[in-house]
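The values are calculated or read from the model by the stated rules, or taken from the named source; none is laboratory data. The model shown is predicted, which means the values in this text are computed figures rather than measured ones. With ideal geometry, Cβ positions are generated from the backbone for all residues, glycine too; neighbour counts draw on all protein chains shown.
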Ligand code: PEP
Ligand code: MN
């Protein structure tokens with residue numbers, strides 16, 4: 001069964017799911033005001049439409065950098081106001097929603113929290129849009145059911161994000177499931193974006209997977225970029241340098257009009 005029409009989701013002035021292509025870019029984590037300003041100004045100059053920036057990090061290793069937490073709120077607010085771009089950032093606990101909601105334009109639910117139904121219900125009871133990442137072990141229907149938790153609680157402003165799943169393969173960080181993009185978009189009508197950074201986890205391969213995501217019909221991308229990738233406090237192996245991101249954005253601008261049909265519901 002096909003949905004009647006694409007769902008459209010507004011984040012600030014941006015629309016996801018109307019045939020346009022949006023690039024959300026920035027560091028895995030906000031580390032300092034200088035790092036966040038330099039990176040945000042650069043991604044804007046390359047044509048990115050929105051910012052990412054982790055404040056709360058769900059790290060596998062409890063001794064790894066966990067994000068600056070509330071200490072990053074003033075920086076996040078200041079920089080997104082300076083560059084005038086909407087901000088996507090992860091919420092890891094329902095108690096963060098009121099204060100974080102004053103800063104973010106779209107709440108990101110990370111892969112590890114896709115099954116956190118109390119968090120999803122709470123996000124359904126507030127007005128901001130939600131970017132729902134797929135858990136690395138979730139089936140497509142489990143992912144869509146997770147989206148329904150948010151919707152049934154009162155919020156239909158949901159964007160899905162494919163970020164790679166766990167398979168028998170271990171050479172790459174995850175296996176980016178592009179079939180998932182085609183399936184959930186055409187069968188359920190949600191706007192879908194691709195995260196090629198976590199999807200492959202290896203910086204020099206990220207641009208190829210970004211372009212492949214666009215060709216699969218994604219409505220946009222979320223990409224990790226760092227002013228000095230080798231010094232990144234989280235996910236340094238997958239962070240794009242400025243030069244590589246700039247080159248990728250040129251390709252995206254040239255190619256995205258050619259995939260408008262794949263972004264429409266009935267190609
Ligand atoms: C992230 O976007 O930085 C992140 C932690 O992603 P995921 O939840 O997909 O692992
Ligand atoms: Mn990351």
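Structural remarks
- Test: residue in segment 223-234 that is at positive phi, surrounded by 20 or more Cβ atoms within 10 Å (Cβ to Cβ) and not in a helix (DSSP H, G or I): no
- Whichever residue in segment 212-222 is in a helix (DSSP H, G or I) and surrounded by 19 or more Cβ atoms within 10 Å (Cβ to Cβ) and, among such residues, is farthest from ligand 2 (Cβ to nearest atom): 214
- Restricting 18, 6 to those that are more than 16 Å from ligand 2 (Cβ to nearest atom), in contact (Cβ under 8 Å) with a residue 24 or more places away in the chain and within 23 Å of residue 255 (Cα to Cα) reduces the list to 6.
- The set of residues in segment 137-155 being part of a loop (DSSP other than H, G, I, E, B) and surrounded by 15 or more Cβ atoms within 10 Å (Cβ to Cβ) consists of 138, 153, 155.
- Test result for residue 131, touching a strand residue (DSSP E or B) at 6+ places or on another chain (Cβ under 6 Å), touching a residue at least 40 places away in the same chain (Cβ under 8 Å) and either part of a helix (DSSP H, G or I) or closer than 22 Å to residue 20 by Cα (or both): yes
- Among the residues of segment 69-93, those that are in a helix (DSSP H, G or I) and free of Cβ contacts under 8 Å to residues at least 40 places away in the same chain comprise 69, 70, 71, 73, 74, 77, 81.
- Per-region count, segment 235-255, residues buried (at least 19 other Cβ atoms within 10 Å of the Cβ) and either free of Cβ contacts under 8 Å to residues at least 60 places away in the same chain or in a helix (DSSP H, G or I) (or both): 6
- Of the residues 35, 66, 96, the single one that is more than 18 Å from the chain's Cα centre (by Cα), part of a loop (DSSP other than H, G, I, E, B) and modelled with pLDDT of 95 or more is 66.
- Per this entry, residue 199 is not counted among residues that are surrounded by 22 or more Cβ atoms within 10 Å (Cβ to Cβ), under 24 Å from residue 106 (Cα atoms) and either away from ligand 2 (no atom under 16 Å from the Cβ) or more than 16 Å from the chain's Cα centre (by Cα) (or both).
- The condition (being over 15 Å from the mean Cα position of the chain (by Cα), under 30 Å from residue 62 (Cα atoms) and more than 14 Å from ligand 1 (Cβ to nearest atom)) is satisfied by just one residue among 259, 188, 168: 168.
- Segment 175-204: number of residues that are in contact (Cβ under 8 Å) with a residue 40 or more places away in the chain, in a helix (DSSP H, G or I) and under 19 Å from residue 238 (Cα atoms): 4
- Here segment 117-136 is the region considered, the condition is being surrounded by fewer than 20 Cβ atoms within 10 Å (Cβ to Cβ) and within 18 Å of the chain's Cα centre (by Cα), and the residue that is farthest from ligand 2 (Cβ to nearest atom) is 128.
- Among the residues of segment 4-21, those that are assigned to a loop (DSSP other than H, G, I, E, B) and either over 17 Å from residue 151 (Cα atoms) or out of contact with any strand residue (DSSP E or B) (no Cβ under 8 Å at 6 or more places or on another chain) (or both) comprise 4, 5, 6, 12, 13, 18, 19, 20, 21.
- Residue 53, sole failed condition from (1) over 24 Å from residue 122 (Cα atoms); (2) surrounded by 19 or more Cβ atoms within 10 Å (Cβ to Cβ): (1)
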